[in-house]
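**Q** Just dropping this structure here.
The values are calculated or read from the model by the stated rules, or taken from the named source; none is laboratory data. Everything quoted here is computed from the prediction, not taken from an experiment. Cβ: placed from backbone, ideal geometry, glycine included. Neighbour counts: every protein chain shown.
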């Protein structure tokens, strides 16, 4: 007489034993269509990316920096990463000549370009970055760019992807990947703001230089009192406070007003900073609980 196996739901014979299948997984899969499951997976990825970027943001806001400067005009230019990267990448000695950059500002423009190179090197060396590639940091030329202020910077002596090579798909793809790196993007925004201030100051210097020809560059630079940082305050999370003042503020006719405005800005910025820091920590705690 043959024995019939009794029907059993959610039971499978495996390797001589019995394995119970999870009904919950089957029910979940039946509840959502493949398209909905794809959307859920995409949403989970976005949430994870948000939590990671929040961690990076917490690292970035552990210090408050307040700069006070007088500007000739306030522009409404928006931050467009692609345009900002192209504008900074193109800075070299030929650029300084072609754009009539004032002699007193040339080293500062080149310093911005070196900072762009440094931020890229930091991205390549960061294991948490999608750009992580320590092998590309072994080039002697890349090290010289970061340490030698006299080293000539041009498109041939750089590790940065070239945004002007429209015929090279690899370069353009590398630029797009670079502009997706949040830390690099934040540093790029800062460098773009500094370049905008230098551009405004350069225009004023050239204007004064044309009105008073024959004066030394240093004399002209001292005569222009706009688009330069007069006071800077940095507040660290551990309570350390660093104050810096330009020597130009000492002889400024509106010294008291400048310092008063700076101190008021520091107080307001510190309140905003502490509120933002508390808000970010609260979001991070809630995200980790989930």
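**Q** Any idea how many residues of region 91-105 are surrounded by fewer than 17 Cβ atoms within 10 Å (Cβ to Cβ) and in contact with a helix residue (DSSP H, G or I) (Cβ under 9 Å, 6 or more places away or on another chain)?
**A** Total meeting the criteria: 4.
**Q** Quick check on residue 129: is it modelled with pLDDT under 85, part of a loop (DSSP other than H, G, I, E, B) and over 25 Å from residue 204 (Cα atoms)?
**A** Taking the combined requirement at face value, the residue satisfies it.
**Q** Being in a strand (DSSP E or B) and farther than 26 Å from residue 120 by Cβ is the filter; apply it to region 191-235 and report the residue that is modelled with the lowest pLDDT.
**A** Selected residue: 228.
**Q** Separate question: Hey, can you tell me all the residues within region 100-125 that are farther than 18 Å from residue 189 by Cβ and free of Cβ contacts under 8 Å to residues at least 60 places away in the same chain?
**A** Answer for region 100-125, where residues must be farther than 18 Å from residue 189 by Cβ and free of Cβ contacts under 8 Å to residues at least 60 places away in the same chain: 106, 107, 110, 121, 124, 125.
**Q** Name the helices (runs of 4 or more DSSP H) wholly within region 34-118 that hold at least 3 residues that are at pLDDT below 70?
**A** Output list reads 34-60.
**Q** Which one is modelled with the lowest pLDDT among residues in region 145-176 that are in a helix (DSSP H, G or I) and surrounded by fewer than 14 Cβ atoms within 10 Å (Cβ to Cβ)?
**A** Selected residue: 169.
**Q** Taking residue 181, is it out of contact with any helix residue (DSSP H, G or I) (no Cβ under 7 Å at 6 or more places or on another chain), surrounded by 14 or more Cβ atoms within 10 Å (Cβ to Cβ) and modelled with pLDDT of 85 or more?
**A** no
**Q** Identify, by number, the condition in (1) under 26 Å from residue 73 (Cα atoms); (2) assigned to a helix (DSSP H, G or I) that residue 282 doesn't meet.
**A** Of the numbered conditions (1) under 26 Å from residue 73 (Cα atoms); (2) assigned to a helix (DSSP H, G or I), the odd one out for residue 282 is (1).
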